[in-house]
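The values are calculated or read from the model by the stated rules, or taken from the named source; none is laboratory data. Computed from a prediction, not measured in an experiment: that's the story for all the values here. All Cβ positions, even for glycine, are placed from backbone atoms using ideal geometry, and neighbour counts span all protein chains on display.
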Amino acid sequence: MRYQSSRPKRRFLAGVRCPKCQAMDAVVQVNIVDPEPDEYIECTQCGHTEHRPDPDAISAKNHLEGQLIHDAMSTGTSGTVKFKS
């Protein structure tokens, strides 16, 4: 059995901007094993932290967007175009 440290594992994310301060190459991914598994990103410049969205929340949002598209197509109306960056 391999030894696994209880200290947080930090992995540098190259080419990623901080969502808050927009600092390039200042974001690390933090994995915590003990006491409960957790994973999030953290900016080394401003200290901003952010967890991944809940998979159920993503699924609900995608379902809602799909339903809006279906409703617009069935009524023959057009909606606004939204570009994702």
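Computed values, structure above
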| item | result |
| --- | --- |
| Restricting segment 43-82 to residues that are of a type in the set (A, V, I, L, M, F, W, C) and in contact (Cβ under 8 Å) with a residue 12 or more places away in the chain, the residue that is farthest from Leu13 (Cα to Cα) | Cys46 |
| Residue list for segment 27-67, filter: within 16 Å of the chain's Cα centre (by Cα) and small (Gly, Ala, Ser) | Ala57, Ser59, Ala60 |
| His51 vs. criteria loosely packed, with under 10 Cβ neighbours inside 10 Å and at pLDDT 75 or above | yes |
| Residue match in segment 53-70 (condition: farther than 21 Å from Ser85 by Cα and not acidic (Asp, Glu)) | yes |
| Restricting segment 1-42 to residues that are of a type in the set (A, V, I, L, M) and assigned to a loop (DSSP other than H, G, I, E, B), the residue that is surrounded by the fewest Cβ atoms within 10 Å (Cβ to Cβ) | Met1 |
| Segment 27-42 residues that are under 13 Å from Ser6 (Cβ atoms), paired with ones that are polar (S, T, N, Q) and loosely packed, with under 12 Cβ neighbours inside 10 Å (beta carbon under 7 Å, 6 or more apart) | Val33/Gln4; Val33/Ser6; Asp34/Ser6 |
